[in-house]
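Below is one structure, written out as structure tokens, with a few remarks after it.
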Amino acid sequence: MDKAQLGAGSTVAIIGGGQAGGEAATLLRQNRFEGRIVLIGEEDCLPYMRPPLSKAFLAREIAKDALIYKAATAYENARVEMRLNARVDDIDRRDKRLILNDGATFGYDKLVIATGGRARPLPVPGADARNILYLRTIADVELLQPLMQAGKRLVIVGGGYVGLEVAAVAVKRGLAVTVLESAPRVLARVTAPAMSDFYERIHREAGVDVRTGVTVSGFASENGCVANVLCAGWESFAADFVLIGIGLVPNTELAERAGLDVDDGIVVDAASRSSDPDIYAIGDCAMHAQHGFLQRKIRIESVPNALEQARTVAASITGRPIPEALAPWFWSDQYDLKLQMVGLSDGYEELVIRGKPETPSFIAFYLKDGVIIAADSVNRFGDFMAAKRLVGERIKVAPSRLTDDSVPLKSLLVAAAA
Ligand code: FAD
């Protein structure tokens, strides 16, 4: 696209050193961009992977170093200038420059905003107590880890992925864990009732007190620390500490101040371009105006989406074809269960299960007009690979073929192609 104008003298600046920003930086060089690449990141470490924060890292099964997404040499070899521990405070679109918190400024020709998001705060009285924690960064886990002692009472507000993953780690460590979810079921925002029922059962069997339809109304503290979590109605829950996992607020303030279109995310087109043709947005902070695969407006919070948009932006800036949009996918690890999900199940008409939830090894397919629109797989790695293709290629399959474990899923792809 802008190949001619983006020569060796041009600069691409990236704001945000998460997986989206880190991936875009090195991909630009792989795509033979010859100019200057600058990545400015507020955290004091190289881009790292957040998924293990609520899983293996919280459980102390892996060290901090193992979180690092790419070694320092990858950025050195790609000649990416890393400005870590530095925050961009403003974007001056007229002069195409960034203003940093230390007063430094950076000119750019193209700008990639990859500022991610922050944990959504719970706006109820008492929520500023010292022992109320959130989970988004390494620093957050380092506050949480010393509290994870057997016998302690942990109340988790929010029965989404982060809350349930922490519950699994904590109950395994011998903590008394309560999960409070305001919706009628856990994982309500992301999966179908059958999957919610399965995970509620698994957690209860492991000893977690899962309460749904419970709304937290405030916290009662003693000496600045929460002692009781108060709920609408009469119930309250004693706690030694509290984790709030109720979702994410996208970091869009910079874009808003700069006058870009923002609607629960920086609105971008299929090339990840914002309402300013020289500014792109990728990852958790970006709102797809029309997701190429889902054909709807959506903001996606997942590593695969962050990496896919990094590929898109690198292609777009270097004038290469935009990669095809894929069906979104996600994973979650709880206990010895590996959940992998592809597509979006909302609007499904039929649910078909292959395998046995009791074993536990199964895959749930969601069908609409006979087409597989989504699949949730538990401990079925091979089947999940095939399911990604079945969903991605919008395959129409008779439910009886899906439930029959003797029919390899791969053969359904072949049959559909024939
Ligand atoms: P981020 O990782 O949030 O990175 C953005 C970076 O930008 C941050 O370092 C931030 O400090 C920096 N920044 C913000 N503003 C500025 C500024 N003004 N100047 C400079 N820097 C700035 N996804 C999955 O697919 N599977 C999982 O199992 C999974 N588990 C997760 C578990 C947890 C506990 C969390 C928190 C997330 C999980 N996710 C998972 C989501 C996934 O980690 C995110 O979708 C992904 O990290 C998004 O990457 P990003 O680069 O867009 O944003």
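The values are calculated or read from the model by the stated rules, or taken from the named source; none is laboratory data. Model, not experiment: these values are computed from the prediction. Neighbour counts are summed over all protein chains in view; Cβ atoms, including those assigned to glycine, are modelled from backbone coordinates with ideal geometry. Just the protein is used for accessible areas: all its heavy atoms, side chains included, with ligands, DNA and RNA removed. Shrake-Rupley method; radii C 1.70, N 1.55, O 1.52, S 1.80 Å.
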Report the residue, chosen from G283, G18, G126, that carries the largest GNM mean-square fluctuation when the chain is represented by alpha-carbon nodes joined by springs under 10 Å. G126
Just the number, please: Stokes-Einstein D of segment 336-417 in µm²/s, Kirkwood Rh from C-alpha pairs, 37 °C, 0.692 mPa s. 266
How large is the translational diffusion coefficient of the chain in µm² per second when you combine the Kirkwood radius over alpha carbon pairs with Stokes-Einstein at 10 °C and 1.306 mPa s? 69
Computed about the Cα centre, the charge dipole of segment 336-417 from +1 Lys/Arg and -1 Asp/Glu charges at the Cβ has a magnitude in debye, to the nearest 20, of 300
Taking +1 at the Cβ of each Lys and Arg and -1 at the Cβ of each Asp and Glu, which of A194, A139, G163 sits farthest along the dipole of segment 132-246 towards its positive end, judged by Cα position relative to the Cα centre? A194
Hey, how many Å between the Cα centroid of segment 197-246 and the Cα centroid of segment 327-388? 29
DSSP beta bridges in the chain [antiparallel fraction, %, rounded to 5]: 60
Value of relative contact order over segment 336-417, rounded to a whole percent, pairs C-alpha under 8 Å and six or more apart: 29
Helix-only estimate, please: 222 nm mean residue ellipticity of the chain, summing -39500 (n - 2.57) across DSSP H runs of length 4 or more and dividing by its residues, to the nearest 500. -6500 deg cm²/dmol
Accessible area, probe 1.4 Å, largest first, for residues D264, D240, D128: D128, D264, D240
Output the direction-averaged projected area (hull surface divided by four) of the convex hull of the alpha-carbon atoms of segment 42-95, in nm². 5.2
Cβ charges +1 (Lys, Arg) and -1 (Asp, Glu), total dipole of the chain, debye: 780
Express in nm, to one decimal, how much length is gained between W234 and K410 on full extension, taking 0.36 nm for each residue of separation and deducting their alpha carbon distance. 58.1 nm
Starting with the highest mean, order 102-111, 379-388 by the number of other Cβ atoms within 10 Å, averaged over the residues of each peptide. 379-388, 102-111
Potential lengthening between V249 and Q145 on full extension [0.36 nm per residue; Cα-Cα distance subtracted]: 35.1 nm
Inverting the mean 1/r over all pairs of different Cα atoms, compute the Kirkwood radius of segment 1-136 and quote it in Å. 16.6
So, for the Cα atoms of segment 72-202, Rg and Dmax in Å stand at 20.6, 58
Sorting Y348, A374, L413 by the position of each Cα along the dipole of segment 336-417 (Lys, Arg +1; Asp, Glu -1; all at Cβ), the one nearest the positive end of that ordering is L413
Taking +1 at the Cβ of each Lys and Arg and -1 at the Cβ of each Asp and Glu, which of I266, C231, P121 sits farthest along the dipole of the chain towards its positive end, judged by Cα position relative to the Cα centre? I266
Using only alpha carbon pairs under 8 Å that are at least six residues apart, calculate the relative contact order of the chain and give it in whole percent. 14
Report the Rg/Rh value for segment 86-131, based on alpha-carbon coordinates and the Kirkwood definition of Rh. 1.21
How big is the charge dipole of segment 132-246 about its Cα centre, in debye rounded to the nearest 20, if each Lys and Arg gets +1 on its Cβ and each Asp and Glu gets -1 on its Cβ? 160
For the peptides 42-52, 350-360, what is the packing order when you average, over each peptide's residues, the other Cβ atoms within 10 Å and list the highest mean first? 42-52, 350-360
Could you tell me which GluC sites (Glu not before Pro) in segment 215-272 are loop residues by DSSP with no more than 16 other beta carbons within 10 angstrom of their beta carbon? E235
